[in-house]
Amino acid sequence: MTSLLRATTLIGRPVVTLDGESPLEIKDVVFNTTSGEILGFTLRKHGILGSPASEVLRWSAVHGLGPDAVVVADVESLSDDAEDSLGDGGDVLGNRIMTESGTDLGEVVEVVVATGRHAEVVGFEVEAAGGSRSADDHHVFIPLLDTLAISGKKIIVPDAATDFIRDDLSGFGSAVAEFRSTLSGKAN
Amino acid sequence: MRWRNALGREVVDISTAETIGHVDAMVVDASASSIVGMVIGNQVVSWSDTGGIGSDAVTVVNADLIREPKSDLELRAVEGASDPISKRVITEDGFALGSIADIEFDPESGTISRVILGDDHIAGSRLMGTGSFAVVVRSTDRSTADGDLASLTKSELYEMAKASDIDGRSTMSKDELIAALG
């Protein structure tokens, strides 16, 4: 099953091994600030007041990811933060999204992830720049491509991305697929 | 036969006609979708050393077949860590399907046919692991790779029908969804 979810909704979700144990839960999502992809997760013991764990979960070690759990093969899938740091990572929330031709589309408030066995980042939820849409706090969804420029403050998207902006998450999945096929069509 | 009905069944040594104990728990090998042993107190007996669950009792030819737990599966079953009843079911791609009401299995072979979730059920062949937190099962796509739509829950079938844009899906029964998707 593939569906879309907001990356921060994974916070507090259990990390479950294939043999049904849950050693830890997701504490925070760490992004690769130069690609917009998810680098991995920091972890904590169960419960909102659970103490932070020294282990981290790298994205490559995720077996499957959905709205109710992040599944890993076994406890060996978790790596020790000291040796295998997510230190290069950071946050992409707060970045501004701008088109190639220089239109500011707004500020990233969420990262949208497609769930499943091969989960991936598919786009951003953006608080639209004032005046460009109806209400000031209007949220829209903008698809992410595999190759885009991110500086740590700004994310540059092709002008074509604006054709695939959607107002709600339910219509966004098909918009992402259309956007990608448009781009790959252009490259050929 | 149902898991809950098997618990408490008498275990009898047929060489002495003595009752050795009762079935307190069972050992599940999820990757084989089978029950592979029974827990009697702090000890275990391999399924293959019994005649399975008889209609009134479990019989063993010799009390020595009741032994200390050896494998990891047996140890976890004795500790109660792998008891599947009331556990939440999570797919390997992170979807919760509900919690386990009971497990249906063949009383002779121990093969698990169905995992009962409230008023729905999934195929025993989807089992991947049973732990203290959850029972993990194969994802929707991997479970239907061989076309076995009946292995899914109704809500999983509904999501598939939604993805294939099948008309009238919201009023369909589980069987109707299977027919429409098949």
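Bear in mind that the values in this text are calculations on the coordinates, not laboratory data. Given the structure is predicted, the values throughout are model-derived calculations rather than measurements. Glycine also receives a Cβ, built like all others from the backbone with ideal geometry; neighbour counts cover every protein chain displayed.
Set Lys and Arg Cβ to +1 and Asp and Glu Cβ to -1, take the dipole of the protein assembly as shown about its Cα centre, and tell me which of A:Asn95, B:Ala134, A:Phe41 lies farthest positive.
Value computed over the given set: A:Asn95.
With a ≥ b ≥ c taken as the square roots of the eigenvalues of the C-alpha gyration tensor of region B:1-74, please select rounded if a/c is under 1.5 and otherwise prolate if a/b is larger than b/c or oblate if it is not?
On the way: a/c = 1.81, a/b = 1.30, b/c = 1.39.
Taking the square roots of the gyration eigenvalues as a ≥ b ≥ c, region B:1-74 is oblate.
Counting helices only, and only those DSSP H runs with n ≥ 4, report the 222 nm mean residue ellipticity of chain B as the sum of -39,500 (n - 2.57) divided by its residues, in deg cm²/dmol to the nearest 500.
Numbers: 5 runs with 34 residues, N = 182.
When only DSSP H runs of four or more count, the value is -4500 deg cm²/dmol.
Please compute, for peptide A:15-26, the average count of beta-carbon atoms on other protein chains lying within 10 Å of each residue's beta-carbon.
Details: counts 1, 9, 5, 7, 16, 20, 10, 5, 1, 0, 0, 0.
Taking the mean over all residues of the peptide, I get 6.
Give me the inter-chain shielding for A:67-78: mean count of other chain Cβ atoms within 10 Å, whole number please. Before the final figure, lay out each step's value.
Details: counts 3, 9, 11, 2, 10, 1, 1, 1, 0, 0, 0, 0.
What the average comes to for A:67-78 is 3.
Once you put a point 7 Å from the Cα of B:Ser99 and another 7 Å from the Cα of A:Lys45, both along the Cβ direction, what distance in nm separates them?
The two pseudo-label positions are separated by 2.4 nm.
Would you mind working out the magnitude of the charge dipole of chain A relative to its Cα centre, with +1 at each Lys and Arg C-beta and -1 at each Asp and Glu C-beta, to the nearest 20 Debye?
Working: 14 positive and 30 negative charges, 62 e Å.
Value, rounded to 20: 300 debye.
Compute the FRET efficiency between B:Ala32 and A:Asp91 as 1/(1 + (r/R0)^6), taking r as their Cβ-Cβ distance and R0 = 45 Å, and round to the nearest 0.05. Can you show the working numbers first?
Details: r = 44 Å, r/R0 = 0.99.
After rounding to 0.05, the efficiency reads 0.50.
Need one word for region A:1-82: rounded, prolate or oblate. Basis is the Cα gyration tensor (sqrt eigenvalues a ≥ b ≥ c); a/c below 1.5 gives rounded, then a/b vs b/c decides.
Working: a/c = 1.29, a/b = 1.12, b/c = 1.15.
It comes out rounded by the Cα gyration axes.
Averaged over A:48-60, how many beta carbons belonging to a partner chain fall within 10 Å of each residue's beta carbon?
If you average over the peptide's residues, the count of other-chain Cβ atoms is 0.
Per the helix-only calculation at 222 nm, which mean residue ellipticity applies to chain A, given -39500 (n - 2.57) for every DSSP H run of n ≥ 4 and division by its residues, nearest 500 deg cm²/dmol?
Details: 1 runs with 16 residues, N = 188.
Computed ellipticity for chain A at 222 nm equals -3000 deg cm²/dmol.
When a/c is below 1.5 the answer is rounded, else prolate if a/b is larger than b/c, else oblate, so apply that to region B:43-121 with a ≥ b ≥ c taken from the square roots of the Cα gyration tensor eigenvalues.
Values: a/c = 2.96, a/b = 1.66, b/c = 1.78.
Oblate shape, in that a/c is at least 1.5 and b/c is the bigger or equal ratio.
Taking the number of other C-beta atoms within 10 Å as the exposure measure, put A:Leu65, A:Leu10, B:Leu149 in order starting with the fewest. List each step's numbers first, then the result.
Numbers: A:Leu65 30, A:Leu10 24, B:Leu149 18.
Least crowded to most crowded, the residues run B:Leu149, A:Leu10, A:Leu65.
Dipole size in debye (nearest 20) for region B:92-140 around its Cα centre, Lys and Arg Cβ +1, Asp and Glu Cβ -1?
Working: 3 positive and 8 negative charges, 33 e Å.
It works out to roughly 160 debye.
About the Cα centre of the protein assembly as shown, how large is the charge dipole given +1 on each Lys and Arg Cβ and -1 on each Asp and Glu Cβ? Please answer in debye to the nearest 20.
Numbers: 30 positive and 60 negative charges, 97 e Å.
My answer is approximately 460 debye.
Going by alpha carbons, how many degrees (0 to 90, nearest 10) lie between the helix axis of A:172-187 and the longest principal axis of chain A?
70 degrees
Checking the cross-link filter: which lysines have an alpha carbon closer than 22 Å to that of A:Lys45, excluding same-chain neighbours under 8 positions apart?
Within reach: A:Lys27, B:Lys87.
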